[in-house]
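Working notes, structure below.
Readers should treat all values here as calculations from the given coordinates under stated rules, not as data from a laboratory. As the structure is a computational prediction, the values presented were derived from the model and not from experiment. Neighbour counts run over all protein chains shown; Cβ positions are idealised from the backbone, glycine included.
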């Protein structure tokens, strides 16, 4: 399966602003890429890229006074299967966990699992350890929380989501992660592209958050917002919670002028030359504004 994915973001700054952009696909993403996935910018914008401690590809940018257009657009070939299901995946005793997994048992900025211990054990202590318990947590969050962009805010903790029963996709993930950690299940935050592939159209594109748990010797994907295996999930970032992987971390003020995300299945049978040609125009058919800076491989 071929999926075209990308974004276009316009910002405007009243003074130069240093930024960290978590807008590229993860360094461990699997799948054949047509074109190159990196943050495209107008000429003369200062930019560099590095890998953070989670393997995320972060772009450093000094946004100048005035407007800046940021975008990315490419095609990836994936297997087209829904999220892998492993109902027999077992929970590890803490002494048996790998060293690099232990940090995902601890409270973090938005996942205040220490405040949800009683709620977690009273609601899910009766479920078998492992996959069944994580699925019970996912089912609960899916039913307990109402989705709505009006419910999102920058300072909302998992315990707030539990009490308020409303939030955006990152809040679904944060509450699920916190409840898992409260029950000694390692869990981490993930975000990326997730288009309406194999499901009814749900509205304009956006980035999506989900979570991963460590069971049976590997990490598994769960998604409390949708609570169903999905096709075409494209990983961008991982972290303890959203504080580690904000889309834009700015050291100064800016105004968001335009935001657009696309994740669309491409028709079968197109050759590489046709795909490269397709990437020379925006998904709406308009020519790329900064085509001269778009290094299409």
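Its alpha carbons give the range 94-231 an Rg and a Dmax of 14.4, 45 Å.
Computed over the alpha carbons of the range 40-84, Rg followed by Dmax gives 15.4, 46 Å. Given R0 = 41 Å, the distance between the Cβ atoms of residue 101 and residue 259 translates into a calculated FRET efficiency of 0.75.
When the square roots of the Cα gyration tensor eigenvalues are ordered a ≥ b ≥ c, the ratio a/c for the range 205-286 is 1.5 or more and a/b does not exceed b/c, which makes its shape oblate.
If you average 1/r across every pair of different Cα atoms in the chain and take the reciprocal, what Kirkwood value do you get, in Å? About 20.2 Å, per the Kirkwood formula over Cα pairs.
With both labels modelled 7 Å from their Cα along Cα-to-Cβ, the residue 46 to residue 118 distance reads 5.2 nm.
In the chain, the calculated helix contribution to ellipticity at 222 nm averages -5000 deg cm²/dmol per residue, counting -39,500 (n - 2.57) for every DSSP H run with n ≥ 4.
Our summary gives the range 94-231 a relative contact order of 27 percent, counting only alpha carbon pairs under 8 angstrom and 6 or more residues apart. Between 259, 211, 222, the GNM of the chain built on Cα springs shorter than 10 angstrom shows 259 fluctuating the most. Note on the chain: with a GNM built from Cα contacts shorter than 10 Å, the maximum mean-square fluctuation among 143, 85, 44 falls on 44.
Return one number: the angle in degrees, 0 to 90 and rounded to the nearest 10, between the long axis of the Cα atoms of helix 169-182 and the longest principal axis of the Cα atoms of the chain. Value to nearest ten degrees: 30.
For the range 32-142, report the convex hull volume of the alpha-carbon atoms normalised per residue, in Å³, without decimals.
207 Å³
Angle check, please: helix 131-144 long axis (alpha carbons) against the longest principal axis of the chain (alpha carbons), in degrees 0 to 90, nearest 10. On a 0 to 90 degree scale, this one is about 70. Under 10 Å, Cα contacts only: if you run a Gaussian network model on the chain, which one of 54, 251, 147 comes out with the highest mean-square fluctuation? Comparing 54, 251, 147 in the GNM, the peak value goes to 251.
Here r is the Cβ-Cβ distance between residue 86 and residue 62 and R0 is 51 Å; the resulting FRET efficiency, rounded to 0.05, is 0.70.
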